[in-house]
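Notes for the one structure printed next.
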Amino acid sequence: MIGLLDAATYAYSYGMVSAMPQHLDEVTYARLTGSVNLEAAITELMKTPYEKQIKDAISKGKGENLEEIEKAVVSHYFDVCNAVINTLPMDVRDSSKTILLDEFDLGNLKRILRALKAKSVSGKEGKSTDEILAECIEGNIKDEILKELANTEFKSAVDRIRTLGFEIEGENLFEIENSLDINLIRKWAREAEKVKVIEKFVKKRIDALNLKAVIRMKILGVDADNFIKKTSQGAYLNFEILNAINAAQINKENIDAIQGILSGTPYGDLFAQIFEEFKKTKSMDTFELEIDAAAASPAVIQNPISLEYVITYLRKMWFDVRNMRVLLVGKKYGVNNEEISKMMVL
C-alpha cells in the first residue's frame, strides 16, 4: 500500500503536470500545418508553450537551424520527464523511465524497418534518412544508432538490432515486429512485477501492443494464434478478446468486426474514430500511432491522482514533440500540407 508520504509525492507530481501548458490543440496544429514554409512554421511554433526553447535554439544556431530546434524541443521533453519523475518515490523512478523510453525504442525500430522494407520492395528511393528520423524520438537507443540503422538496408538493420539485445525470430517484417512486441511486453511484465504501483499503466500499454500486433497480422493475412500464446494479457483485452479478433473476418478493406468485439471494453468508443480514419487512409503506421495516442488518453484512467496519470501525461506529451518534428522536416523538404497532416497524430 502506498504510504502517506508516497501519496503526497504523487499529488505533488499530479500538481506539476496539471500546471504545465496543455497539449497543442487542433486549431494550433491547423495553423502550423497551413504555414507556407519552414520559416512561417517556426514563427507559428513560437506562439506555443515551446516559444522559449525555439528562441534559445535559434539564438544558439545563429538562425533557423532545424537540427538545433529539434534538439531543443526533444531536450525540453526529457527535462519535463525528468523533473516530474524525480518527484516520485525512489522505488518507481527507474521503472517509470524504463517504460517511457523503451516504448519509444520499439516505435523507432519499427518505423525504420518499415521504411527500409518499403525501399527494398519498391526498388525506389523512398523516405530519406532525415524523414525517417523525424518520426522517431530518442529513447534508450541513441540518435546515432538510429541514424546508422536508417542508413543501411533491411537485413543489415535487423542484424544490428539483434546486437542491441533484442531476441528476434523470423526474417520477414511482420515476424520481426511481433518479436519486438514480445520483447517489450515481457520486459514490462518484469517491471510491473517488481513495482506493483505501475501495474495498471503497464497492462493498458500491453493492451495497445497486443491489439496492434493482432490487427497487423490479420491485415497481412497471418494467423495470430502463435503470438497470442506467447504474449501476456493486459488490463481489458484478455485472451478471449484477442482470440475473437483473430477469428474474425478482418482485412485491410474491412475491419468493422473489431469495433463490435471491443464494445464491452473502455476501448470501444475510444478507438471508434481511429477505425473510421483507417478505412480512408489504409495507413498502418498512422493507425498504430493513433491507437497509441488514444490509449494514452486520460479517458482510461480512473484515479487522476496516481502514478498512472503522471506517466500518461508524459506519454501524451510525446505526441506533440513527434508532431513538431514531423511538421518541421515536412516543411523543410516541401512536403504538401495534406501529406504532413496524414503523418501527424492529434
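Just so it is clear, none of the values below were taken in a lab; they were calculated from the coordinates. All figures in this text were calculated on a predicted structure; none of them were measured in a lab. Because the Cβ atoms are built from the backbone with ideal geometry, glycine has one as well, and the counts that use them run over all protein chains shown.
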- prompt: Which value, in debye to the nearest 20, gives the size of the charge dipole of the chain about its Cα centre, when Lys and Arg are +1 and Asp and Glu are -1 at the Cβ?
  reply: 140
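Which whole number in µm²/s is D for region 182-270 by Stokes-Einstein, with the Kirkwood Rh taken over Cα pairs at 20 °C and 1.002 mPa s?
Values: Rh = 13.4 Å.
Stokes-Einstein gives a translational diffusion coefficient of 160 µm²/s.
For LYS282, LYS332, LYS97, what ranking results if the residue with the fewest other Cβ atoms within 10 Å of its Cβ goes first? Numbers along the way, then the final one.
Numbers: LYS282 11, LYS332 16, LYS97 20.
In increasing order of surrounding Cβ atoms, one gets LYS282, LYS332, LYS97.
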- request: Once you have the Cα-Cα distance between GLU175 and LYS229, take 0.36 nm times their residue separation minus that, and quote the gain in nm to one decimal.
  value: 18.0 nm
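If you wrap a convex hull around the alpha carbons of region 240-339, what volume per residue comes out, as a whole number of Å³? Working shown, then result.
On the way: hull volume 11.4 nm³, N = 100.
Convex hull volume per residue, Cα atoms: 114 Å³.
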task: About the Cα centre of region 95-187, how large is the charge dipole given +1 on each Lys and Arg Cβ and -1 on each Asp and Glu Cβ? Please answer in debye to the nearest 20.
output: 80
message: From the alpha carbon gyration tensor of region 22-111, can you work out the equivalent ellipsoid semi-axes (sqrt of 5 times each eigenvalue) and give them in Å, largest to smallest?
response: 29, 16, 14
- prompt: Residue by residue through region 73-89, which ³J(HN,Hα) values in whole Hz follow from phi under the Karplus form 6.51 cos²θ - 1.76 cosθ + 1.60 (θ = phi - 60°), with glycine and proline marked x?
  reply: 5, 5, 4, 4, 4, 5, 4, 5, 4, 5, 4, 6, 4, 6, 8, 7, x
query: What FRET efficiency would be calculated for the residue pair ASP6, PHE239, taking the C-beta separation as r and a Förster radius of 30 Å, to the nearest 0.05?
result: 0.35
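If you stretched the chain out fully between LYS187 and TYR333, how much longer would it get, using 0.36 nm times the residue separation minus the C-alpha to C-alpha distance? Present the calculation step by step, with values, prior to reporting the outcome.
On the way: separation 146, 0.36 × 146 = 52.56 nm, distance 3.79 nm.
Gain on extension, LYS187 to TYR333, equals 48.8 nm.
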- request: Between MET90 and ASN303, take the C-beta separation as r, use R0 = 30 Å, and let me know the FRET efficiency to the nearest 0.05.
  value: 0.90
- prompt: Sorted from fewest to most neighbouring beta carbons within 10 Å, what does the list VAL80, VAL214 look like?
  reply: VAL80, VAL214
- prompt: MET16 versus LYS282, label points 7 Å from Cα toward the beta carbon: distance in nm?
  reply: 4.6
message: Within a 10 angstrom radius of the beta carbon, how do SER341, SER179, SER156 rank from fewest other beta carbons to most?
response: SER156, SER341, SER179
- line: In region 161-211, taking the dipole from +1 charges on Lys and Arg beta carbons and -1 charges on Asp and Glu beta carbons about the Cα centre, the listed residue (TRP188, ILE161, LEU211) farthest towards the positive end is TRP188
field: Student exercise, region 150-292 dipole from Lys, Arg, Asp, Glu Cβ charges, in Debye to nearest 20
entry: 420
message: Just to confirm my numbers, what's the Cα centroid distance between region 163-227 and region 88-125 in Å?
response: 12
message: Please compare each pair in LYS279/LYS342; LYS127/LYS331; LYS147/LYS204; LYS71/LYS155; LYS97/LYS203; LYS97/LYS187 to a cut-off of 19 Å on the Cα-Cα distance and tell me which ones are over it.
response: LYS147/LYS204; LYS71/LYS155
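For ASP56 and SER120, compute 0.36 nm times the residue count separating them, minus their Cα-Cα distance, and round to one decimal in nm.
Numbers: separation 64, 0.36 × 64 = 23.04 nm, distance 4.01 nm.
Value of the extension gain: 19.0 nm.
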query: Between LEU314, THR231, ASN251, whose Cα lies farthest towards the positive end of the dipole of region 214-346 when Lys and Arg beta carbons carry +1 and Asp and Glu beta carbons carry -1, centred on the Cα centre?
result: LEU314
task: Treat each spin label as a single point 7 Å out from the Cα along the C-beta direction, and report the SER341 to ALA30 distance in nm.
output: 1.0
message: Would you report the distance distribution of C-alpha pairs in the chain as whole percents per 10 angstrom bin, up to the bin with the largest distance?
response: 5, 24, 34, 27, 9, 1, 0
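What percent does the relative contact order of the chain come to when contacts are Cα pairs within less than 8 Å and at least six residues apart? Show your work: numbers first, answer last.
Values: 369 pairs, mean separation 70.4, N = 346.
About 20 percent, as a whole number.
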